[in-house]
Amino acid sequence: MQLKLFTALSTLVTFVLGSPLLLNKRAELCGQWDNESVGDYIVYNNLWGMGSGDGSQCTEVLGLDGNTLSWRTSWSWSGGPYDVKSYANAAYLFDPKVISDISNIPFTWSWSYTGSDDMVANVAFDLWTSTSSTGDYEYEIMIWLAAFNGAGPLGSSVGTFSYEGTRWTLYKGTNGAQTVYSFIASNNIESLTSNALPFITHLVDNGYLDKSQYLRAIQSGTEPFLGTNAELTSTKYSVEIN
Ligand SMILES: *[C@@H]1O[C@H](CO)[C@@H](O)[C@H](O)[C@H]1NC(C)=O
């Protein structure tokens with residue numbers, strides 16, 4: 001019955017529009033590691049921590065204008081309040097580059113987040129470095145633009161970093177495989193045009209990171225801990241490395 005109705009509708013649409021269904025909606029990515037390449041980015045439905053809770057998440061590319069990407073991710077997760085369930089993200093494609101050879105990493109990120117009142121999540125960059133241009137990552141550098149309802153980074157506070165009028169608290173910890181540095185904005189920042197290199201340079205200047213490390217990955221996304229009917233829309237995102 002439903003199939004017949006659909007067939008009838010398709011025929012009607014085909015007849016009216018003169019060509020097969022023109023509903024050109026992009027596919028939603030709902031499976032673990034599902035991804036879509038768009039311009040210089042790959043958008044991932046990365047559900048790496050899904051085993052520590054119950055829930056689901058889907059991610060969708062909304063569009064690309066020049067180098068500016070628009071995408072969104074929707075999720076509901078229950079389970080351990082201190083366990084990250086996923087990191088849906090936009091990964092920038094570039095060749096690994098030695099930190100001392102980088103002159104800047106300009107970015108723009110505007111986003112909005114809706115969800116249940118108890119939603120615990122962050123909005124964050126994730127950068128990865130290592131001694132060589134291949135092999136395992138050794139350092140993870142996070143830049144948190146937002147922390148909702150007490151979402152917290154790994155490790156403990158080792159200082160602060162002020163840049164362009166924003167004060168960031170720096171945490172140092174480990175995820176078991178990498179040393180993790182996290183810069184946490186003092187207030188949620190829904191729109192920021194800035195440069196990621198000074199954050200890395202701050203680590204180098206304080207002896208936390210060697211400038212001979214290769215920057216291997218730049219990702220931007222959200223880590224959900226807990227919440228329902230949540231949706232991050234990354235309305236404008238661009239980054240480049242020079
Ligand atoms: C991206 O998705 C494809 C399937 O569409 C899969 O084969 C590939 O492994 C995924 N990439 C990564 C890095 O997970």
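The values are calculated or read from the model by the stated rules, or taken from the named source; none is laboratory data. As the structure is a computational prediction, the values presented were derived from the model and not from experiment. Because the Cβ atoms are built from the backbone with ideal geometry, glycine has one as well, and the counts that use them run over all protein chains shown. Calculation scope for accessible area: heavy atoms of the full protein, side chains included, ligands and nucleic acids excluded. Shrake-Rupley method; radii C 1.70, N 1.55, O 1.52, S 1.80 Å.
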Problem - Backbone HN-Hα couplings from phi across the stretch 29-35 [Karplus 6.51/-1.76/1.60, Hz, Gly and Pro as x] - result: 9, 10, x, 4, 6, 4, 8
Fill in the blank from the handout: Of 230-239, 175-184, 100-109, ordering from highest average Cβ density within 10 Å down gives 230-239, 175-184, 100-109
Practice task
Would you work out what percent of the accessible area of the chain, with all protein chains in place, is carbon or sulfur (probe 1.4 Å)?
Solution key: 52 percent
Exercise for the section: Tell me which residues come under 5 Å, amide H to amide H, from M142 once H is placed; ignore anything under 5 positions away on its chain. Expected result: L127, Y181, S182, F183
Exercise for the section: Kindly state, as a whole number, the per residue volume in cubic angstrom of the convex hull around the alpha carbon atoms of the chain. Expected result: 153 Å³
Problem - Estimated D of the stretch 136-242 in µm² per second, where Rh is the Kirkwood radius over Cα pairs and Stokes-Einstein applies at 4 °C, 1.567 mPa s - result: 86 µm²/s
Handout entry: Value of relative contact order over the chain, rounded to a whole percent, pairs C-alpha under 8 Å and six or more apart
Key = 28 percent
Practice task
Over the chain, give the accessible area per residue in Å² for a 1.4 Å probe, as an integer.
Solution key: 49 Å²
Exercise for the section: Grab the Cα-Cα distance for E190 and N206, subtract it from 0.36 nm times how many residues apart they are, and report the gain in nm with one decimal. Expected result: 2.9 nm
Handout entry: Dipole magnitude (debye, nearest 20) for the stretch 23-239, charges at Cβ of Lys, Arg, Asp, Glu
Key = 220 debye
Exercise for the section: For the stretch 23-239, compute the number of Lys pairs whose alpha carbons are separated by less than 22 Å, excluding pairs fewer than 8 positions apart on the same chain. Expected result: 4
Fill in the blank from the handout: Where a ≥ b ≥ c are root eigenvalues of the Cα gyration tensor, a/c under 1.5 meaning rounded, otherwise prolate if a/b exceeds b/c and oblate otherwise, the stretch 22-146 counts as oblate
Handout entry: Neighbourhood net charge (15 Å Cβ-Cβ; Lys/Arg +1, Asp/Glu -1) for V84
Key = -4
